[in-house]
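The values are calculated or read from the model by the stated rules, or taken from the named source; none is laboratory data. Remember, predicted model here, so these are calculated numbers, not experimental data. For neighbour counting, all protein chains shown are included, and Cβ atoms are generated from backbone atoms with ideal geometry for every residue, glycine included.
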Amino acid sequence: MPTAELTSTARRKSRKVPEALILECFGGRTFYRRGYREVLNGTKTLEEIRRTSGLQAEIVSYIFEIIIRSIDKKKYRVHVSEPGIHLKKGENIAGDILVFDKLRYSANKVTTNYTNLPPMVAIEVDIAIDLEKVREYHYTFDKAQTYLAFGASKVIWVLSNIQKILVFEAGREAVVYNWYADIEVLDGVKFNVGTYLDEEGIRVAS
């Protein structure tokens, strides 16, 4: 007869994780939101783990403002706030800022569903998944390659925990930039995270 401890363990393992706690599915893997375990055990709510940190929100807002102020809005469509991309059946990813070509992503293709079109540029700020079973390095590179394989031209990943910026481009080696580098999004539009945060008086723990 199984002990109460073993029975409890089996129950936890068989518990189905609610879809709301799943952030992305790609490459045959499911990635859960950071903090999903706390939601399952009742110590946090879904709303608590879905909230963006102040630093992440500041960086995303800064980059979005730079892009939306500088690009040709007749040519490009810019989506923000975890816009979803449907890759194929059972596989979806979400980004922080996605820049699309309006010739491909025309107005009639903007619906209540995830888009199934690749962005020209995908920008990610930090990491929102649970990292217990996946290394940050592997997740970052695998997701960037997923974007590129789907048709994106460039992926920019801002990592505040190490104060580095990774840039992935189709057909090129990934490049690691320092925190104060000028990073080009497209058409000469650039941002500089380190300089902006310094000007705002925002310190990032190293």
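Worth a mention:
- Residue list for region 84-116, filter: buried (at least 18 other Cβ atoms within 10 Å of the Cβ) and assigned to a loop (DSSP other than H, G, I, E, B): 95, 96, 105
- Any hit, region 167-176, residues being at pLDDT below 95 and β-branched (Val, Ile, Thr): no
- Among residues of region 64-81 being more than 18 Å from the chain's Cα centre (by Cα) and in a loop (DSSP other than H, G, I, E, B), the one that is surrounded by the fewest Cβ atoms within 10 Å (Cβ to Cβ) is 74.
- For region 132-182, the tally of residues that are within 16 Å of residue 118 (Cβ to Cβ), more than 15 Å from the chain's Cα centre (by Cα) and outside any strand (DSSP E or B) stands at 6.
- Residue list for region 183-206, filter: part of a loop (DSSP other than H, G, I, E, B) and either of a type in the set (Ser, Thr, Tyr) or surrounded by 10 or more Cβ atoms within 10 Å (Cβ to Cβ) (or both): 187, 192, 202, 204, 206
- Counting the residues of region 121-141 that are surrounded by fewer than 16 Cβ atoms within 10 Å (Cβ to Cβ), out of contact with any helix residue (DSSP H, G or I) (no Cβ under 9 Å at 6 or more places or on another chain) and of a type outside the set (Ser, Thr, Tyr) gives 4.
- Scope region 78-118; condition farther than 24 Å from residue 142 by Cβ, touching a Phe, Trp or Tyr at 6+ places or on another chain (Cβ under 8 Å) and of a type outside the set (A, V, I, L, M, F, W, C); matching residues: 101, 102
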